[in-house]
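Presented below is the structure to which this report refers.
The values are calculated or read from the model by the stated rules, or taken from the named source; none is laboratory data. Keep in mind the model is a prediction, meaning the values are calculated, not measured. Note that we place each Cβ from the backbone using ideal geometry, even for glycine, and neighbour counts take in every protein chain shown. Heads up: the accessible areas ignore ligands, DNA and RNA and are worked out on the full protein's heavy atoms, side chains in. Shrake-Rupley method; radii C 1.70, N 1.55, O 1.52, S 1.80 Å.
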Amino acid sequence: MKSLFCKRVLAFLIDYTVIIIYAVLLFSGSTLLQNHFNVDLNFGSPIKNQILSFFTLTLPVFLYFFLSEKSNRKATIGKKVMGIKIAILKNQNNSVFLRNFFKFLPWEIAHIGVHQVVFYESVSTETWILLILPQIIVCWYLLSVIISKGKSSFYDKLSNTEVTLT
């Protein structure tokens, strides 16, 4: 039997394959709009572009994880395939929401930094922080999963959840 940690890593890879497929479709669609229909998807400011990317990429990905883990299966496609699920430790209505909010917060912070880099010619100290801080947080998340042998991450601790075998 594979360890919970290995199952969690493989589930992550399966789920991120789903996300990559969605992102490729999104990119292809936006390229089609720009090149064949002359639709300008650059809204002239990093904030407007951030809002567009939030609603087209981050929010759908967040909803995929949140709705899958909130369902009766308590698992995304990757978790279901690997035979693991999310367990709520304390009966809180918002545990799964908080879990995914904290999980994707570094991703969204990095997106803000990327939009700043794309829009401005020079990179400020604040932008460097927006680019580096998420990497540190994600490393902390990964380290916490390794330490717990797959059972919980730092965002699981914050949301009173853990990953268990089905």
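Here are some notes:
- Residue list for the range 97-128, restricted to those being free of Cβ contacts under 8 Å to residues at least 12 places away in the same chain and of a type in the set (A, V, I, L, M): Val123
- Qualifying residue in the range 7-17 (condition: open to solvent by less than 60 Å² (accessible area, probe 1.4 Å), farther than 29 Å from Leu131 by Cβ and either touching an Asp or Glu at 6+ places or on another chain (Cβ under 8 Å) or at pLDDT 95 or above (or both)): yes
- The C-beta contact set for the range 56-74 (first residue acidic (Asp, Glu), second residue part of a helix (DSSP H, G or I), distance under 9 angstrom, 6+ apart or interchain) comprises Glu69/Lys79; Glu69/Val96; Glu69/Arg99; Glu69/Asn100.
- Of all the criteria given as (1) open to solvent by 70 Å² or more (accessible area, probe 1.4 Å); (2) among the polar types (S, T, N, Q); (3) within 16 Å of the chain's Cα centre (by Cα), the one not satisfied by Asn35 is (3).
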